Amino acid sequence: MGDGWRDYMRLIGHVKSESSAKTLGDYLVSIDIRSLIEPDAEGWAVWIYSEDQIAAGQQALSDYELNPAADRFRHASQNAAVVEERKQREKARFDERIHTRERILTSSNSAPVTLTLIILSVGVTLVFLMNSASPLIGWLSISQFVRGLPEVCHGEIWRLLTPIFIHFGVVHIIFNMLMLRDMGFLVESRRGAKVLILLVIVIGVGSNLGQYYYNGPGFGGMSGVLYGLLGYIWLRGHSDPSSGLYVSPTTLGMMLVWFFLCLFNVIPNVANACHAVGLVMGMIIGAAPLGARGL
């Protein structure tokens, strides 16, 4: 029968005294070799956790036995402390970046802007599903004309943004609202309501204009904003870990696969220009220089 955790470790040798065990253990920590040193019948047993670090561990033990007074061993305790402090800082930064769905959803009053966007989108979509010819839908669409944006030119500037609230089916609204819940809550809870509002307005207007000039009116949905938030979270999280923004590889991969499926018309009748412009805008904002990182 196996001996528990020892089934996954390798005994590489022994040292004679407790002080030697402490020194060797600190040295192994300082060169990032995960080990366990414990007393047994032969002295102090030296165990190595990782198979691919066994050779390096054996070399370290051999070097110590040949010259335990070498500088690298005399300063092992100090060097190990530096390594441990660095690991603690890295862990703290990682923990700061991970803001799980459960923590976000249980934060009281953490995302009123996101909730408002969801409520508006669901309300407008219900109106469309009950009556696609409703005057409200025409009033929120970017234009009734294929070029020139005459309504906007006559002062109806809300039309540049409001198509984000129009969705054309149950699957469309459910998918977009689930993604908005996650990404909107993350941005709002980590960067603040004003930042989310500014991102939604800038990316929403930009992606709507891109789609209009690419393929005319008759489109709607939050997708351009969602791809913009994805690009923003992705690039800002990488360039500024202290921002607390993080997108999981699964979410990123899923969104990019969906983007290209739509782009190559595997999934037809999608506002691809909206997606593309939104994603690029979000990435540009997310990768902005340090001076612009109020966002």
Inset, instruction - Classify the stretch 4-97 as rounded, prolate or oblate from the Cα gyration tensor: take a ≥ b ≥ c as the square roots of its eigenvalues, call it rounded if a/c is under 1.5, otherwise prolate when a/b beats b/c and oblate if not. - result: oblate
Legend entry - Gaussian network model of the chain, springs between alpha carbon atoms under 10 Å - residue of LEU226, LEU117, LEU11 with greatest fluctuation: LEU11
Inset, instruction - Under a 10 Å cutoff between Cα atoms, tell me which one of CYS262, CYS153, CYS274 has the largest fluctuation in the Gaussian network model of the chain. - result: CYS153
Legend entry - Extension gain (nm, one decimal) between TRP158 and GLU90, 0.36 nm per residue minus Cα-Cα: 20.0 nm
Inset, instruction - Would you work out which of LEU66, HIS14, ALA56 lies farthest towards the positive end of the dipole of the stretch 4-97, given +1 charges on the beta-carbon of Lys and Arg and -1 on that of Asp and Glu, about the Cα centre? - result: ALA56
Legend entry - With Cα atoms, 0 to 90° folded angle of helix 76-97 axis to the chain main axis: 20 degrees
Legend entry - Neighbour-count ranking [beta-carbon atoms within 10 angstrom, fewest first] of TYR227, TYR232: TYR227, TYR232
Inset, instruction - With +1 on each Lys and Arg Cβ and -1 on each Asp and Glu Cβ, and nothing else charged, work out how big the dipole of the chain is about its Cα centre, in Debye to the nearest 20. - result: 1180 debye
Legend entry - Charge dipole (debye, nearest 20) of the stretch 4-97; +1 at Cβ of Lys and Arg, -1 at Cβ of Asp and Glu: 280 debye
Inset, instruction - Return the label of the correct value of mean projected area of the Cα convex hull in nm², as calculated from the structure shown, out of [x] 23.2; [y] 19.0; [z] 15.6. - result: [x]
Inset, instruction - Please work out the Cα center distance from the stretch 123-184 to the stretch 218-247, rounded to the nearest Å. - result: 21 Å
Inset, instruction - Step through the residues of the stretch 257-265 one at a time and calculate ³J(HN,Hα) from phi using the Karplus curve (6.51 cos²θ - 1.76 cosθ + 1.60, θ = phi - 60°), rounding each to whole Hz and writing x for Gly and Pro. - result: 4, 4, 4, 6, 4, 6, 4, 8, 6
Legend entry - Sequence-distant residues sharing a close amide H with ARG34 (under 5 Å, placed H): TYR49, SER50
Legend entry - Structure-based [θ]222 nm, the chain - -39500 (n - 2.57) summed over DSSP H runs of at least 4, per residue, nearest 500: -19500 deg cm²/dmol
Legend entry - Neighbour-count order for MET177, MET130, fewest beta carbons within 10 angstrom listed first: MET130, MET177
Inset, instruction - Quick one: among GLY228, GLY206, GLY169, which has the greatest mean-square fluctuation in a GNM of the chain with alpha-carbon springs under 10 angstrom? - result: GLY169
Inset, instruction - Pop out the ³J(HN,Hα) list for the stretch 196-210 in order, Karplus 6.51 cos²θ - 1.76 cosθ + 1.60 with θ = phi - 60°, rounded to Hz; leave Gly and Pro as x. - result: 4, 4, 4, 5, 4, 5, 5, 6, x, 5, x, 5, 5, 5, x
Inset, instruction - Go through the stretch 214-228 residue by residue and turn each phi into a ³J(HN,Hα) via Karplus (6.51, -1.76, 1.60, θ = phi - 60°); whole Hz please, and just put x for glycine and proline. - result: 7, 9, x, x, x, 10, x, x, 8, 4, x, 5, 5, 5, x
Legend entry - Burial ordering of TRP47, TRP158, TRP234, fewest other beta-carbon atoms within 10 Å first: TRP158, TRP47, TRP234
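Laboratory data are not the source of any read-out in this text; all were calculated from the coordinates shown. Predicted model only: the values in this text are computed from it and were never measured. Ideal geometry is used to build each Cβ from the backbone, glycine not excepted, and the neighbour counts take in all protein chains shown.
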